[in-house]
Every structure is written in C-alpha cells, then in structure tokens.
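Undergrad: Below are the structure tokens for one structure; questions will follow.
Since every read-out is calculated from the coordinates, none of them should be taken as a lab result. All of these numbers come straight from a predicted model, not from anything done at the bench. All Cβ positions, even for glycine, are placed from backbone atoms using ideal geometry, and neighbour counts span all protein chains on display.
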Amino acid sequence: MQRRLVGIDLGIASAHTVRVRDEAGREVCRRRCEPTVESLSVVEQAALAGAQAGTRLEVVIEPTGPAWLPIAVFFTARGHLVFRVSSAKAADLRRFLSRHAKSNGIDADTLARLPLIDPDGLRPLELPDAAAAALDRRVRACDRLTMAASEHKVRIKDLVRQVLPCTPLTGDLGKADLAVLERYADPRALLRLGRARLTTLIGKASNNHQGAARAEQWLAAARAAVELYGEHPAVAFADLAAEIATEVRLLRAIDTELAAHAAERESCYRWVDPLQLARSLPGLAEVGGPAMTAVIGDAARFPSAAHFKSYLGLAPRASETGDTDRKGQPMSKAGPRLARATLVRAADWARKQDPQLARIYHQQMAERGAQHLKASCVVAARLAERLWTVMRRRMPYVICDIDGTPVTPEQAKQLIAQQWTVTEDIRRRRRSSKHRAGKAPQQALTGHDKDARSVTRRPSPRRSSATPPRNVKQPAP
C-alpha cells in the first residue's frame, strides 16, 4: 500500500517547513506553508501527487505552542491521520540522524521518518468534540489562575514580612487580612487607626469570625516593626505598603475571574460526564473530577490501565540488564503536570476513605521505608488505574474492603482506623531531620565492656606495615 509521510516543523513567527516521504523512505517533495487553507491545500496536493486514489496522509507534528492546532484541524477534517509526538522523542531521533547539525528541514525530515522507525509508538490524534474542548479550556484556565493566585499570595507574605518582621500571617490569607493590607500595610498607619476601628474592620470583613484578638496581633506586629526600624531611610514604609496594596488588588481580580471560570467549568463537566463517574472516586471532588475527565478524554484510546498510568508519568522507570532488575526507580513524569498533581493531591484524601488504598499507603510507609510523598505517588498510580477502569466501563466506583466486599463510608473509615493507620512513630522515623544527619556518635565503653570487646573483636582487615603484600617474593634469610 502506498503511503505518504508528512513531517511538519512548526514555526511560531515563521512559515512551517514540510518534508514528504513515501513508504520506502524516499523523499517526495519539500514545501513551506502558512496556517491558511490555501497554503495547506497546496501542501496536500503536492504530497498526494502520484499516489493512488484514496491515499491518506500521515502527518507528524510536535506540540509547538498553539501552532499545532490549525494543522491538526485542517488535515483531520480532510480525512488524514495526524500524529502529535513528544518533543523529547523527536529530539532523540534527530540527534541520531544528524548529530552535529540542526535546521528546520532536518527537524521536518526527522518527523517524516518517525512512522517508519517507530510505528507502534504513534497513535492518531483524536480531537475533542465541542463539550470536551470547552471543558479542557475551562480546566486549564482555572489551573492557570489558581497558580497565579498562589504566586500573588506568596508575594504578599514576603512583602509583609519585610514591613512587619513579626508578621501575623502564619497561615492562609483570609478576607480580613486582605482588607487590612489593602489600606493599612504601613505599620504607622496601622497604629494610627487604633484598636477599636481595626477591630470593626476585621469583624466586618470576616463576618464576625475574628475580632479583637486578631486586631491585637496586627497592632503588636506594627509596634514591633516601628520600634525595630524607627525612621531608617532603607525601609520605605509607604512604598512597600503601596506595592502590597497592588498585590492585594491583583489577587482580588484573579479570584473574581477564577470564580467565573469555575462556574463554567462545572457546567461543561455536567455535559461531558453527566453521571459524574470521575467524582465517584475517592479524592476526586469538585476540582479533581473535571480535571481528570478533561485529561483522559475517551478512555478507550488507552489499551489498558497501565498505558494510562504510563501516559500520566506515574509509572516507574525501568532499568534492567542481564539478570539484574533494579527496583524502586523514580517516576518518569512524562505526562501532563496538571493530571499528575491532581492525582497526587487526591491520593492523600483517598487513602483516608478507601481501605484498599489505605493498605497500599500503609505498606509503603511501614514496610518499605517510603516517605509520605513517595507513598502518596504510589497511591496516585493505583488511583489512575481505577479511574481508567471506571471511565472505560462507565460504572461508578464502589469502595470495598481488601477482600472485595463493598463497605459503607463509615465502615471504611473504621477499618482504616483499626488496621491501616500509620502511627506517628513511623511518620517521625520517615521524616528527615537535621539532628540525624551525619555520622552516628560512638558509644563510650569503660571497664569490663572494654575488656569484653577486646576479646571478642575481630582482627582488623587492614594490613599492618610489617605484613608484606601478597604475590611479592620475600628475600631469602
């Protein structure tokens, strides 16, 4: 059967470079194109020139920014196959084919050769429908805004730590904290405000959940800062307060936009997963369910749960040679960051609700010496396999005991508390601490202990200066 393999090196600010080869690897043509119907149609005609009727192009591209989407939409709409390969795989093959040179033409030619070199490693790209595409965009927008909000929160705490060394911000930023910082980040202004008005401001912003005690914490920090800094010219109270107010306003704007996108994300999720199967798994709730639904798409595109786990980058790397198989390798981390982070966070909640996952976590912590994060990653990998099974079978998840007997949430928590709870002593031993680093102290022996040790001690393997080395002939006496 005739084949036409099209490798396209995508350009962001420049034209795309195209190389076309046939089933034997011979070059058919070279082109450059723009992301327009007219330009891409010329490439299609040139690639199909001389081929049999009904030949489908096999287009290979990399996920280069947003440039891959127009190419994928055009060729899939024309009935051709599109393969989107990772940049790491393309770079490895390009380094093998051309070690000392790199150009747009070499990159395009490398992509065109991929279907011949690694046919089993390529899977056709399946573009989502309208509902799935909308969910994917809302999930990405919510994730990006959440990350931006966390960056602003960290920046606010850093700035407050400069202006108020004894900062009262020891936990999460609340509405009352933002209300104080937006207008009174300057400790001098905070002291002028007074205890009564500050208490009223905090009570109104927190719906009376906080009051005089919180106000006293702010005033104590302000007095300590004024006493420490005085009128030193290096401390610009007014300018620091203005920067803090700017960060607070930006954080408020992000929170407003995030709430709007979260509402639309919920609406899109109801269309894509009307049975809310993803949320039936423990740990995947309001945020995790839509995120994992957007990532997995059609579960049938993964042959097995192990393939889906490997796609997410939660499978350990393999290192085997001869009769040696090294276990305990780190995760590959080859998949999307959003999905992997979502499952790791969900695993910490799932182990508290599912006895089977709690048992896995307990084995990692108590029997295999893993720390909390490593044990959570192992649970996340198992959770990924169960997510694929649920989405593939279109059946909700059922919490069961370790023997497969369905249990209620109350019974599950009771079983976990009785059998699979990691004790605080084990957690303490798994944590790394400074005082345990370095060489262990020697035990001091005195009196009878010294004599007993000298009798039972093995001879030192070190060779004394009087003992000649092996295989050296000694002179005759």
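Undergrad: Placing +1 at every Lys and Arg Cβ and -1 at every Asp and Glu Cβ, with all other atoms neutral, what dipole size does region 197-340 have around its Cα centre, in debye to the nearest 20?
TA: With Lys and Arg at +1 and Asp and Glu at -1, about 380 debye.
Undergrad: Also, I was wondering about something else. What do you get for Rg/Rh of the chain when both radii come from the Cα atoms and Rh is the Kirkwood radius?
TA: Expressed as Rg/Rh, it is 1.10.
Undergrad: Just to confirm my numbers, what's the Cα centroid distance between region 334-367 and region 176-211 in Å?
TA: Taking the Cα centre of region 176-211 as reference, the centre of region 334-367 is 41 Å away.
Undergrad: Taking the dipole about the Cα centre of the chain, with the C-beta of Lys and Arg at +1 and of Asp and Glu at -1, give me whichever of W68, W420, A300 is farthest to the positive side.
TA: W420
Undergrad: If each of S14 and L250 carries a label point 7 Å out from its Cα toward its Cβ, how far apart are those two points in nm?
TA: About 3.4 nm, to one decimal.
Undergrad: Suppose R0 equals 30 Å. What FRET efficiency, 1/(1 + (r/R0)^6) with r the Cβ-Cβ distance, do A148 and F96 give to the nearest 0.05?
TA: So, using R0 = 30 Å, E works out to roughly 0.15.
Undergrad: So what's Rg/Rh here for region 4-121, counting alpha carbon atoms and using the Kirkwood radius for Rh?
TA: Dividing the radius of gyration by the Kirkwood radius yields 0.93.
Undergrad: Further, regarding this structure: Past the 30 Å Cα-Cα mark, which pairs from K157/K204; K102/K327; K309/K352; K153/K413; K327/K352?
TA: K102/K327; K153/K413
Undergrad: Right, next: What dipole magnitude, in Debye to the nearest 20, does the chain give about its Cα centre under +1 on Lys/Arg Cβ and -1 on Asp/Glu Cβ?
TA: Result for the chain is approximately 2000 debye, rounded to the nearest 20.
Undergrad: Compute the normalised compactness of region 357-435: alpha-carbon radius of gyration over 2.2 N^0.38 Å, N being the residue count.
TA: 1.28
Undergrad: Between I244, A205, A234, whose Cα lies farthest towards the positive end of the dipole of region 201-249 when Lys and Arg beta carbons carry +1 and Asp and Glu beta carbons carry -1, centred on the Cα centre?
TA: Sorting the options by dipole projection puts first A205.
Undergrad: Then there's this: I need the peptides 116-129, 97-110, 330-343 ranked by packing, meaning the mean over residues of other C-beta atoms within 10 angstrom, with the highest value on top. Let's see the in-between values first.
TA: Values: 116-129: 12.9, 97-110: 15.6, 330-343: 17.6.
In decreasing order of mean packing, 116-129, 97-110, 330-343 become 330-343, 97-110, 116-129.
Undergrad: Taking the simple approach of a point 7 Å from Cα along Cα-to-Cβ for both L275 and T55, what is their distance in nm?
TA: Between L275 and T55, the label points sit 4.4 nm apart.
Undergrad: Okay, moving on. Mind listing the Cα extents of region 134-268 along all three principal axes, in Å, largest one first?
TA: In descending order, the Cα extents are 55, 35, 20 Å.
Undergrad: Quick one: putting +1 on the C-beta of Lys and Arg, -1 on the C-beta of Asp and Glu, what dipole do you get for region 134-268 around its Cα centre, in Debye to the nearest 20?
TA: Here the size comes out at about 320 debye.
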